[in-house]
Structures are given as structure tokens and as C-alpha cells.
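The values are calculated or read from the model by the stated rules, or taken from the named source; none is laboratory data. Not measured: the values here are computed from a predicted model. Note: ideal-geometry Cβ built from the backbone for every residue, glycine included; neighbour counts use all protein chains shown.
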Amino acid sequence: MTRVDLLDDEHDLTPEARTVAERIAESRGEVSRPFQLLLHSPAMAERVAELGHLVRSGSSVTDADRELVTLATGRAIDCAFVWESHLHAATVAGISGETIATLQRDPAGLAERERTLVSFVDELCGSRTVSDTTFDAVRRLLGVRAVVEIALTIGYYTMLGSLMGACDEC
């Protein structure tokens, strides 16, 4: 039995939720599963969508780095939705199928740059902190602003994964 109904039919939506759903669909092309859950709280759905837009397009992090971090987050939190919904974007961003397969199988086999970013994700998702060594490596690689934005990207997708996990939708 479904824990929380997905609001995927406009007849299920309150007027406020319908307005938010229309804005989400306009900016994303669809109302994906996390937002079908979030629409039970339209104001939060709207703010989460705004944050997601900033994560995707208002960051200094390259598309390839962001998508690698997103896939690694999906893997780290064991959320198939986060992983699967970003496979196409990762490929479009230039991440090779071989890199994606290596990330899924054994991240230790990744190139140094990718391994460094994935270590940041794994540490943050695993212990809610990052070692000085990993932090310094990412800071040297990308700078302080990108460290902050990568941590927020991980937090954003962890938030969506937590919602989906609670609702048995991951």
C-alpha cells in the first residue's frame, strides 16, 4: 500500500498546489515524483523547486561535476530515483558511460578528480562531515565557493531522497 499518494492528477490538487505544479512543470518540463509528494505542502514544494533550480543552474560548479556529485549522492543514500533520474543529464554533461559504470561498481577505480569529488559525497553522506584531507583536496580543485555549492547539492538531493525514502518511493 502507498504511504503517501502521488499528486499526479490535476484533479487531486488544491488550487494552491495546482498553481505550484504548473510552475514546476513549466521550469522542469514535468512534475517528477518528489514534487508529486511535495505538493501535499505546496509552499514547501515551491521553495524546494526554487532551490533545485539554483542547484542546477545558479551554481559555479560545472554541469559534469554537479551531475557526478548528484549520481554519487543517489548511490550513497541508496535512492534509485536520484540515480536514475540523473543518468541522462550526466551523459549530456559529458560523463562517460564507463565513468558512470565505475561509479556504480567501485568508485576507487575512478580518475583522481572524480574520486576526490565522490569521496566528498561519500564522507558527507556517511558521517555528515568531511575529513580535512578531502575538504582541502576539493577546495584546491574547485575553490571555496564550489565546495559550498557541492555540499548544498548533496544536501538538496539527500533531502529529496529522505522524503522519497520516508514515503517508500526511493
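One table, with the values for the structure above:
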| quantity | calculated |
| --- | --- |
| Some residue of the range 91-103 being over 17 Å from the mean Cα position of the chain (by Cα), assigned to a helix (DSSP H, G or I) and either surrounded by 13 or more Cβ atoms within 10 Å (Cβ to Cβ) or at pLDDT below 95 (or both) | yes |
| Residue satisfying condition, being in contact (Cβ under 8 Å) with a residue 60 or more places away in the chain and not small (G, A, S), within set T133, T91, T70, T102 | T70 |
| Members of the range 41-90 found to be assigned to a loop (DSSP other than H, G, I, E, B) and within 29 Å of L13 (Cα to Cα), listed by number | S41, C79, H86 |
| Condition met for V20 (more than 13 Å from the chain's Cα centre (by Cα), touching a residue at least 12 places away in the same chain (Cβ under 8 Å) and closer than 19 Å to E84 by Cα) | no |
| Selected residue (criterion: nearest to V148 (Cα to Cα)) from residues of the range 105-130 that are without any contact (Cβ under 8 Å) to a residue 24 or more places away in the chain and of a type in the set (D, E) | E123 |
| Test set (1) crowded, with 19+ Cβ neighbours inside 10 Å; (2) part of a helix (DSSP H, G or I); (3) of a type outside the set (V, I, T) - L7 fails condition number | (2) |
| Options E149, E112: the member that is under 26 Å from L51 (Cα atoms) and either assigned by TED's automatic domain parsing to the domain that holds D78 or touching a helix residue (DSSP H, G or I) at 6+ places or on another chain (Cβ under 6 Å) (or both) | E149 |
| Breaking point among (1) under 30 Å from D122 (Cβ atoms); (2) of a type outside the set (D, E); (3) surrounded by 14 or more Cβ atoms within 10 Å (Cβ to Cβ); (4) free of Cβ contacts under 8 Å to residues at least 24 places away in the same chain, for V61 | (4) |
| Boolean, T158 is surrounded by 14 or more Cβ atoms within 10 Å (Cβ to Cβ), among the hydroxyl-bearing types (S, T, Y) and more than 16 Å from the chain's Cα centre (by Cα) | no |
